[in-house]
1. Hey, can you tell me all the residues within the stretch 288-301 that are closer than 22 Å to GLU117 by Cβ and either surrounded by fewer than 16 Cβ atoms within 10 Å (Cβ to Cβ) or touching a residue at least 60 places away in the same chain (Cβ under 8 Å) (or both)?
2. Among the residues of the stretch 138-155, are any part of a loop (DSSP other than H, G, I, E, B), of a type in the set (Ser, Thr, Tyr) and assigned by TED's automatic domain parsing to the domain that holds ARG233?
3. Out of curiosity, is PHE311 among the hydrophobic types (A, V, I, L, M, F, W, C), without any contact (Cβ under 8 Å) to a residue 40 or more places away in the chain, closer than 30 Å to GLN421 by Cα and touching a Phe, Trp or Tyr at 6+ places or on another chain (Cβ under 8 Å)?
4. Does LYS362 satisfy being over 30 Å from MET187 (Cβ atoms), surrounded by fewer than 15 Cβ atoms within 10 Å (Cβ to Cβ) and without any contact (Cβ under 8 Å) to a residue 40 or more places away in the chain?
5. Quickly run through the stretch 314-343 and pick out the residues that are over 12 Å from the mean Cα position of the chain (by Cα), assigned to a loop (DSSP other than H, G, I, E, B) and under 26 Å from GLY418 (Cα atoms).
6. Say we look at the stretch 408-432 and pick out the residues that are among the small types (Gly, Ala, Ser) and at pLDDT 95 or above; which of these is surrounded by the most Cβ atoms within 10 Å (Cβ to Cβ)?
7. Could you grab me the full set of residues in the stretch 420-446 that are in contact (Cβ under 8 Å) with a residue 24 or more places away in the chain, under 16 Å from ASN376 (Cβ atoms) and assigned to a helix (DSSP H, G or I)?
8. Could you please give the count of residues in the stretch 187-226 that are aliphatic (A, V, I, L, M) and either in a loop (DSSP other than H, G, I, E, B) or under 16 Å from the mean Cα position of the chain (by Cα) (or both)?
Amino acid sequence: MSFDYQIAVIGGGSGGLTVAAGAASFGAKVALIERKPHLGGDCLHYGCMPSKALIQAAKEVFETSKYQQLTDVDYDRLFEGAMNRVEEAVKDVQDHDSKDRFVELGIDLFEAEAFFEDEHTLRVGDRRITAKRFVVSTGSSPFIPPINGVDTVDYLTNETIFSLRKRPRSMVVIGGGIIGVELSHAMSRLGVEVTVLEGGDKILSNEDGEITDIAQRSITKELHVLTNATADRIDPFEEGVKVSYTKDGVQNVIQADRLLIATGRKANIESLNLEQAGVEVSNGSINVDSSLKTSQKHIFAVGDCNGSMPFTHVAGMEGKIAVSNAVLGLSRKASYEKIPWVVYTSPEIYHLGLTEQEAREKYGDDLLTFKTKLSNNDRFMAERNTEGLVKVLTTNRGKIVGAHAIGAGAGEWMQEVGTVQALNKKFQAISNIIHPYPARNNVISQTADLYWREKLFGSRLNDIIRWYVKKLR
């Protein structure tokens with residue numbers, strides 16, 4: 001059978017662009033389909049890039065406020081400037097992911113909605129194309145919970161909040177996960193009175209419990225966090241919103257200028273007509289095996305739409321695997337054990353592998369836990385940034401199974417642990433690496449030294465060494 005394309009990629013986000021560029025570089029005839037006017041996906045337009053630009057701008061405003069009394073007029077001006085800065089940052093990166101770059105690679109670009117007519121045919125706008133293989137990379141969008149009255153108000157999501165130019169005086173945020181906490185923290189630092197409603201007993205529930213405790217104590221110094229609080233009803237009120245909620249069994253009401261809903265994401269697969277292609281779906285996401293194949297072996301799915309891990313770097317990793325499997329016929333498998341993520345609050349949170357609770361359940365008495373408080377490290381003491389912790393979890397032999405930290409710049413200096421793990425080295429190997437003093441990552445070697453203290457100085461071997469030194473040296 002003759003096909004129009006060797007591979008058709010649906011979705012122009014991180015995963016899809018990785019697949020399209022990689023497939024084209026291998027000589028495949030590629031179609032790239034993106035329904036939105038720009039390439040780059042959610043990370044570029046609504047996620048990573050705008051939020052990090054906003055967080056940096058907010059941090060600078062916060063630092064200024066420590067030394068200068070800011071008025072409402074100042075905050076209004078700085079807020080508008082921060083949002084303009086976000087727009088500029090997105091445009092700069094958008095130019096890098098320009099359509100021309102992919103067209104020059106020989107990729108046929110289609111700007112339209114696509115859906116399957118059968119397992120090898122797509123309807124793309126008013127056209128029909130066929131392909132030997134497909135990669136679905138349609139990403140995700142904000143999940144809006146069915147709260148009474150939610151459709152009666154003009155709520156914000158992570159896709160619309162960056163369009164703000166006028167500073168709201170107050171904001172209610174429903175959801176205390178990564179998106180909700182990052183945006184709440186930034187808004188607070190830009191002069192917005194923020195209240196977060198979180199249904200669980202802690203914010204950032206996917207993080208290690210000890211790390212979460214520190215984060216919650218730190219964040220609540222700058223904004224209000226209500227845990228065990230469930231939104232029951234939302235109503236318009238004057239120029240803003242009124243949220244009725246239940247906390248610890250007691251009903252309450254809070255009013256604010258704006259409402260941000262940050263209750264998670266849902267896969268963008270509803271319009272793909274996947275059943276016509278015989279692609280199985282469960283729990284709102286596309287089912288894939290370890291090689292990222294769907295129930296149809298010639299159709300792959302990468303990124304948020306497959307329900308794995310909702311991070312841009314994961315979509316990129318999956319895209320590389322999908323390219324080699326779909327184009328070269330390999331059987332590479334995706335592994336998620338060595339993938340870190342960072343929560344860009346202040347202080348930052350680094351997460352790799354299992355939390356202590358998860359590791360304890362899996363490894364039991366074979367688990368070793370090594371912890372260093374930042375207050376015991378010279379660099380952090382010098383910077384007066386002593387609020388934080390490093391925690392590394394290993395097996396009895398030093399295999400890294402989890403690593404967590406909270407502290408200034410943790411997303412950068414903790415990656416050393418992730419690199420060692422990715423290279424299949426033991427945690428104690430970091431003790432042999434010379435770190436320039438007093439670099440922040442000294443706290444990593446300081447923590448690695450604890451392994452030897454645990455294994456050597458508290459062991460029978462130490463008794464033998466002491467005898468040897470005393471008797472024979």
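The values are calculated or read from the model by the stated rules, or taken from the named source; none is laboratory data. This structure is a prediction, so every number in the text was calculated from the model and none was measured. Virtual Cβ from ideal backbone geometry, glycine too; neighbours counted across all protein chains shown.
1. Once the filter is applied, which keeps residues that are closer than 22 Å to GLU117 by Cβ and either surrounded by fewer than 16 Cβ atoms within 10 Å (Cβ to Cβ) or touching a residue at least 60 places away in the same chain (Cβ under 8 Å) (or both), the stretch 288-301 yields THR294, SER295, GLN296, LYS297, HIS298, ILE299, PHE300, ALA301.
2. So far as the stretch 138-155 goes, yes, one or more of its residues are part of a loop (DSSP other than H, G, I, E, B), of a type in the set (Ser, Thr, Tyr) and assigned by TED's automatic domain parsing to the domain that holds ARG233.
3. Taking the combined requirement at face value, the residue satisfies it.
4. Considered against the rule, which asks whether it is over 30 Å from MET187 (Cβ atoms), surrounded by fewer than 15 Cβ atoms within 10 Å (Cβ to Cβ) and without any contact (Cβ under 8 Å) to a residue 40 or more places away in the chain, LYS362 comes out as yes.
5. SER331, ARG332, LYS333, ALA334, SER335, TYR336, GLU337, LYS338
6. Ranking the qualifying residues of the stretch 408-432, first place goes to ALA410.
7. ASN442, VAL443, ILE444, GLN446
8. Of the residues in that region, 5 qualify.
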